[in-house]
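The values are calculated or read from the model by the stated rules, or taken from the named source; none is laboratory data. Since the model is a prediction, treat every value here as computed from it, not as a measurement. Here Cβ is always computed from backbone atoms with ideal geometry, including for glycine, and neighbour counts include all displayed protein chains.
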Amino acid sequence: MRRLSLGGLLIRRWMIVVAVLVIAVAGFSVYRLNGIFGSKDVTSTPSGGANEIVPFNPKHVVLEVFGAPGTTATITYLDVNAQPQRVDAAALPWAYDTTTTQPSVFVNVAAQGDTNSIGCRIMIDDAVKDERTANTLNAYTFCLDKSG
């Protein structure tokens with residue numbers, strides 16, 4: 001008859017004992033770290049915070065093309081929604097004037113006239129962002145603002 005001793009049982013099953021000890025130490029460590037770093041605290045936002053609308057000032061955007069009296073021009077531009085637009089045979093001076101609530105606008109205007117002088121200007125909130133003038137045969141000019 002065989003005698004079972006605790007020492008003999010541990011010698012034969014030592015890997016299982018070590019695995020149980022490792023799992024117990026790891027579990028205790030995770031439990032303690034969870035308590036130290038406050039993961040049990042629930043952080044929430046106020047119920048009205050998500051529905052709050054923050055007011056901001058709308059932007060007043062003006063694109064202008066100017067030239068000598070009687071000048072006509074072909075004008076291409078990006079509106080405040082960055083959609084390309086085209087105006088053929090526009091009498092100068094010409095302007096695109098709008099207001100937007102977008103936080104930023106990307107606007108561009110290009111024009112080619114039938115005289116020797118043409119210019120363009122981009123103004124946002126009455127501040128000139130870009131202005132150019134060209135003096136050449138069938139003058140062409142463009143203005144661009146990426147940060148309005």
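Does segment 118-134 include one or more residues that are out of contact with any Asp or Glu (no Cβ under 9 Å at 6 or more places or on another chain) and in contact (Cβ under 8 Å) with a residue 60 or more places away in the chain? The answer is yes, given that some residue of segment 118-134 is out of contact with any Asp or Glu (no Cβ under 9 Å at 6 or more places or on another chain) and in contact (Cβ under 8 Å) with a residue 60 or more places away in the chain.
Residues of segment 111-139 that are of a type in the set (A, V, I, L, M, F, W, C) and surrounded by fewer than 16 Cβ atoms within 10 Å (Cβ to Cβ): Ala127, Val128, Leu137. Number of residues in segment 38-65 that are of a type outside the set (Val, Ile, Thr) and either under 30 Å from Tyr140 (Cβ atoms) or modelled with pLDDT of 85 or more (or both) equals 5. Ala68 satisfies every condition listed in (1) in the same structural domain as Val128 (by TED's automatic domain parsing); (2) modelled with pLDDT under 70 except (2). For the structure I just gave you, tell me whether Val17 is touching a helix residue (DSSP H, G or I) at 6+ places or on another chain (Cβ under 7 Å), modelled with pLDDT of 80 or more and over 30 Å from Asp97 (Cα atoms). The answer is yes for Val17. In this entry, Ser104 passes the filter for residues that are more than 11 Å from His60 (Cα to Cα), among the hydroxyl-bearing types (Ser, Thr, Tyr) and under 22 Å from the mean Cα position of the chain (by Cα).
The lone criterion from (1) at pLDDT 75 or above; (2) in a helix (DSSP H, G or I) left unmet by Gly35 is number (1).
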